[in-house]
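Notes for the one structure printed next.
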Amino acid sequence: MSQARGLGKQVLNVSSLASLILLLIVGGIKKDALALYLSSLGLAFKSARVITQEIETRDYDRLMRAATEPLRIENTRLSYDLGSQRSENAALKEADRLLWQRADEAEKVAARIRNEYKALENKLSKAIHATGQALKQVEAKEAELKELDLYNERMSVQLDTHRSVTDQKVNIQREETRKLEQNLKDAQKSFREKLEKAHADVDEARDALATSEAQVAVLRDEIARLHRAKTLAEGVDTNDFANRVVEWFGKAKFLVDAESANVSGSDWVLVFRLRNQKDSFRIREYAQQMKIDFSLSSLPTLKVDGDKLRITIHRGEIENEAKYLRVDPTWLQEALVFEKSGETVTHHARFSGSTETGKSTLVCNAVGVLIIRIPLVEIELADPLIAGQSEWKTLKPKYKGEDSCVAGFIRFYEEFKRLDRGEEKSNRSKVFIMDEFDRMMQNHPELLPMVLDLWKSGRHQKRYLWVLGQSALVGKFSLNMEDVQNVIGFYLGATVERGLTDANDDPSYSSKLRQEWHHAKARELRYLCLCRPMTVTGRPFLAVMPKPDTFALGKAQEALRSYDEGKEEVQLENRLVEFDLDSAKQNLERLVSPSQETQKDLTLGLTSKEKVKVEKLLREGLSASKVVKEVWGISPSRNEPYPTRKAQVECIKKTL
């Protein structure tokens, strides 16, 4: 028993020592943990007492196991509690750290709020100061307004006074105006009466002047008839040639009358009477000039006996001239103008010749022929060259530059097709003249089918195409003789040789025509032309080209008078009415100097496809700027080409 007690004391001592050690380990434990420890210690003492009692009654081993088991369990529990307490202490330390961190952040926020509060206090003080200043200004403005109200009251009083004075003056002025208006009416009535009397006097003077002018016209016609050279009856070769000689002498300022024209053997003998015998001393000098102008191979014989002039010319030369070489300018009218179904019409034409061969002069005369013979004809000239390169001086092109010429020609062709399909009707003839034909066909081969179509069928709708070029080759642009059989051919300069080669005639005639060409070159006749009529069977002939302005408008009246020379005045008046010289003048003036409206036709540079698209968009309600952007993709700007395109669109818009 004593051993058991000793053992119990040892156990108790061990437990106490373990508890003490545990207490030292957790030395920083708080009061709750200490209370727990004391409770555990009390329990341990109680267990020790029980163990002591059991050791006394039981054997040593069983009592030792029983005594040590609760202690082991308690130690385990205390170890677990110690771990939990450590975790709790760590959490408390982390919470304490976070608390201090939050306290620092709160201090910083408080410092920032204090700074912002100070700034707001500064702003508030400034605002209060500014408000005070504004209130002072408002008070000053209110004082000014009060002064202004007083001023307005004074001005209102003055205005009322002024209005009363002004009303009095206005009433006086109205009365004066009424008197002036009455005086003006009286003056107008008096002036109207005087003006009517003056008009009556003017009408009377005009009647007297018209009567005087009619008498003067009669006297002038009588004087002209007396001064007009006497000619022979027309219709005989000798008479026609004698009349041409009379006209030729008149241009040379020699007045002669034709008395007779006879055939004497192989010669033609022409007899004339000199109006002024003084001319007989120098008329023989004109034999050489007559040889040149009438294309004679030898000098004619000129003999003067008193006032009689006898000219002898070899008959064969005259017949040869009439057959192969035309020197009178009327050949151009005969080649260009025809009578068909009671109407005067023309044909297509092709002018071939290099520079300085008189091509433009011939075309100008040809245009003059049309103006005289077909007064209502419309003529459009297209020159693809720019102004600095263009050689046109008399006629003014309607289309300038390649793009403009192409657009103008397509418009002309489309108009012909509408007429050909019966969609439109027109009784007026229209001629389109295309310069630089070779260049245009080379740069724009798509136009060639249109050209051939016009040459084939255009004359049925009175739409004619004239082309000018330097080359006379038919096959240069895949053309053949059938394509140009309805086209009058004019070969100038070096191209005459080509025209002689292309001439479709019997070998004998062609040979003589070529001989005449070489004979004319030997005589140094410069401005010669080979004219090939419009049909394949028509015989070509050589001709001296008319001089510049032979068929210009200024010559129209002379041409008409010479046409009806020797006829009655009534017939001449009827002829003038038939030719309608006023219309001819307007047409030629339009061609020589196109109107500003024609010159400003901005749509000429547009293709037909572009025009159709523009018209479609305009009808859909799009503005001009949007149409320009849709068709050409150009945005508004001050630089080209936007302004030009917009002007073209607006020009089309006006026509819709």
Inset, instruction - With a 10 Å radius around each residue's Cβ, average the other Cβ atoms per peptide and rank 397-409, 276-288, 251-263, highest first. - result: 397-409, 251-263, 276-288
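Here is the link list: K417/K629; K430/K646; K400/K626; K609/K654; K251/K547; K462/K654. Which ones come out longer than 24 Å on Cα distance?
Beyond 24 Å: K417/K629; K430/K646; K400/K626; K462/K654.
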Legend entry - Mean Cβ count within 10 Å, highest first, over the residues of peptides 371-378, 121-128: 371-378, 121-128
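Number of Lys pairs in the stretch 150-202 with C-alpha atoms less than 27 angstrom apart, excluding same-chain neighbours closer than eight positions? List each step's numbers first, then the result.
Details: K169/K179; K169/K185; K179/K189; K179/K194; K185/K194; K185/K197; K189/K197.
Value for the stretch 150-202: 7.
Taken together, the values in this text are just the output of simple stated rules run on the coordinates, not laboratory data. As the structure is a prediction and not an experimental result, all values here were calculated from the model. Please note: Cβ atoms are built from the backbone with ideal geometry, for glycine as well, and neighbour counts cover all protein chains shown.
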